[in-house]
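The values are calculated or read from the model by the stated rules, or taken from the named source; none is laboratory data. What you see is a predicted model, and the numbers here were worked out from it, not measured in a lab. Note that we place each Cβ from the backbone using ideal geometry, even for glycine, and neighbour counts take in every protein chain shown.
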Amino acid sequence: MARENLINKIHEYITRPKIVKISTIIAFIVAFSALIIGYIIAQFGPHGYNMIDNYISDMGSIKYTPFPYMRTIGNVISSPFFIPITFYIKSRLASKELSDISPLQLRLGSIGFIGMLTIFMGMFCTGIITEDVNNLIHTIISIIAIIGGTISMISYGLLIVKFPTDINEFMGVLMIIDVPIIAVLAIIGFPSVKFYEWMLLLSFYGLLIINSIVLIKTNS
């Protein structure tokens, strides 16, 4: 009972709109700053660096950048700050406390929640296990994180479209079709598969920012 009460108190604290807002802002500032600064530094690498020819993970390798630590800094620091918004979205879209919630809504919310956790856990791990540390393990974790992000967007998208929420249904449709469109374009391969890895990351961040603003604003 004491353990359950402690867990409930922690959950209540990290899902307070003020805490969620502050932590999410910090997370995005750190993530984007590290991404932009790392991208600029990578231009001075031995082969140059761009979205068409390089994977995002290449930013964390000495083969491509003279300072391969910005990706590590960004991932390791920002990922824990994304945890409150991960729990908050679940609590606002598919919590048992919501009235008239259906089993399907709970199921979609749980799948979306697990997918989001997978993304940020993957970010943290790939920040530590970079390409230079172990390329195989780094790649496997990256793939798992991408799958988690895909599952999360589609699950929450279906939930938003099918059930009444504070998020507009149009956003739900975007979340559902975003990944399939990017996948088709990646298969076509123009301008490159690596480019669409970047687009997937940016689209996920973009959708997360918009949905976070809507949920925090309407429930604070």
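Conditions (1) under 24 Å from the mean Cα position of the chain (by Cα); (2) within 22 Å of GLY148 (Cα to Cα), marked per residue:
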| residue | (1), (2) |
| --- | --- |
| TYR13 | yes, no |
| ILE19 | yes, no |
| LEU35 | yes, yes |
| HIS47 | no, no |
Scan of the range 132-143 for residues that are touching a helix residue (DSSP H, G or I) at 6+ places or on another chain (Cβ under 6 Å) and either surrounded by fewer than 20 Cβ atoms within 10 Å (Cβ to Cβ) or of a type in the set (A, V, I, L, M, F, W, C) (or both), ordered by number: ILE141
Some residue of the range 117-131 being of a type in the set (Asp, Glu) and either assigned to a helix (DSSP H, G or I) or surrounded by fewer than 19 Cβ atoms within 10 Å (Cβ to Cβ) (or both): no
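In the list VAL173, VAL161, which residue meets the criterion of being without any contact (Cβ under 8 Å) to a residue 24 or more places away in the chain and over 21 Å from LEU202 (Cα atoms)?
Selected residue: VAL161, the only one of VAL173, VAL161 that is without any contact (Cβ under 8 Å) to a residue 24 or more places away in the chain and over 21 Å from LEU202 (Cα atoms).
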Of all residues making up the range 162-175, the number that are crowded, with 17+ Cβ neighbours inside 10 Å and of a type outside the set (Ser, Thr, Tyr): 6
Residue, surrounded by the most Cβ atoms within 10 Å (Cβ to Cβ), within the range 41-52, restricted to residues that are among the hydrophobic types (A, V, I, L, M, F, W, C) and under 17 Å from LYS194 (Cα atoms): ALA42
Members of the range 53-109 that are small (Gly, Ala, Ser), buried (at least 19 other Cβ atoms within 10 Å of the Cβ) and in a loop (DSSP other than H, G, I, E, B): SER61, ALA94
Any pair with Cβ under 8 angstrom, 6 or more apart, that starts in the range 87-106 at a residue that is closer than 11 Å to ASN219 by Cβ and ends at one that is outside any helix (DSSP H, G or I) and at pLDDT below 90: SER91/GLU97
Residue check for LYS21: touching a residue at least 60 places away in the same chain (Cβ under 8 Å), of a type in the set (Lys, Arg) and surrounded by fewer than 17 Cβ atoms within 10 Å (Cβ to Cβ): no
Options ILE25, ILE41; residue that is more than 23 Å from the chain's Cα centre (by Cα), in a helix (DSSP H, G or I) and β-branched (Val, Ile, Thr): ILE41
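Quick grid of which residues meet (1) under 29 Å from ALA94 (Cα atoms); (2) of a type in the set (D, E, K, R); (3) surrounded by 14 or more Cβ atoms within 10 Å (Cβ to Cβ); (4) modelled with pLDDT of 95 or more:
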| residue | (1), (2), (3), (4) |
| --- | --- |
| VAL184 | no, no, no, no |
| ILE188 | no, no, no, no |
| PRO191 | no, no, no, no |
| TYR196 | no, no, yes, no |
| ILE213 | yes, no, no, no |
| THR218 | yes, no, no, no |
